[in-house]
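Below: one structure, written as C-alpha cells.
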Amino acid sequence: MYKSKEIRWFKDSSDGAIIDWFASKGQVFETTQPRTDFYLQLGKDDVTVKLREGNVEIKHRIGDVENGKLTPNAEGVFENWIKWSFNADKTDKLSQTIVSSNAYDWIETIKTRIGVKVTEDTNGDLQILPIKSFVDYGCQIEYTLLQIKEKSFYTFALEWFGEKDLHLPEELMQEILSPTQLNFEDSMGYGEFLKHKKLWLGHHFQQDYLRCR
C-alpha cells in the first residue's frame, strides 16, 4: 500500500516554460520512452483502476479535497490517495485481450513522461534528482504528454510521498511556473479527467460539466 498527496492539472496544449525547466534538468520528451496504460471506465472521481505492463493498480482518494495554490498563478486541488499494486497472471486471457485489442470498457492512454524527484540530503538541503531515483520521501514533479484516441493532452503534477512531508520552497515553484497560468477548473485526478472529458466518444476536448467543490 502506498500513500500520496497530489495536485494535478490537465491541458490540451503544451507549456513551453514548463518544458524548458525540465530540459534544464536533462528531461526532454524526445529521449523518453512512452508507456501505455489502460484505465477502466468507472465513471468515478475517487477510484481508478489501471492496467500497465502486466500490473494492476488501484487508487482510492481518501479524505476531503483541499483547494490551494503553488504560485499566485497556479491554483488547484490537493487530493490524498492510497494505491495498491499487484501483478496480473501472465496467462490471464482477459488482460491480454484488453492490451492487444483495446477491448471492453478500458481507455488506452499512451504516456510520455518527464520528471524529477525532490528530496533533502542529510543536511536538510534540497536535492533535485532523476525521476527514477529511489528516495524515502519527497515530491515527484512530472510533466506528461498523453495520447488518447489520437488526441493529445498534457498534465503537470506534483506527488508527495513517504512518511515525512517535504516543504517545497516558493522560489522553486516560481522557477518552474512563474509565467504559467494553471486554473482551478483544470485541476483534477485521472479518474475525474477521464470521466468528464468523455474521450471515448470522439476526438474533441469536452468540458461538459460544472465543477462544484
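What follows is calculated from the coordinates using simple rules that are stated; it is not laboratory data. Here the structure is a predicted model, which means the values were calculated and not measured. When we count neighbours, we look across all protein chains shown, and the Cβ atoms used for this are built from the backbone with ideal geometry, even at glycine.
Observations
- In terms of other Cβ atoms within 10 Å, Trp84, Trp9, Trp160 run from fewest to most in the order Trp84, Trp160, Trp9.
- For region 146-181 versus region 116-140, the gap between their alpha-carbon centres in whole angstrom: 15
- Residue order, fewest to most surrounding Cβ atoms within 10 angstrom, among Glu171, Glu159: Glu171, Glu159
- Packing-based exposure ordering (other Cβ within 10 Å, fewest first) of Met173, Met1, Met188: Met1, Met173, Met188
- The chain, dipole about Cα centre (Lys/Arg Cβ +1, Asp/Glu Cβ -1), debye to the nearest 20: 780
- Sequence-distant contacts, meaning Cα pairs under 8 Å at least 6 residues apart, place the relative contact order of region 2-201 at 32 percent.
- Our note on the geometry: Cα centres of region 22-59 and region 60-86, 17 Å apart.
- Relative contact order computed over region 73-138 (Cα-Cα under 8 Å; 6+ residues apart), in percent: 18
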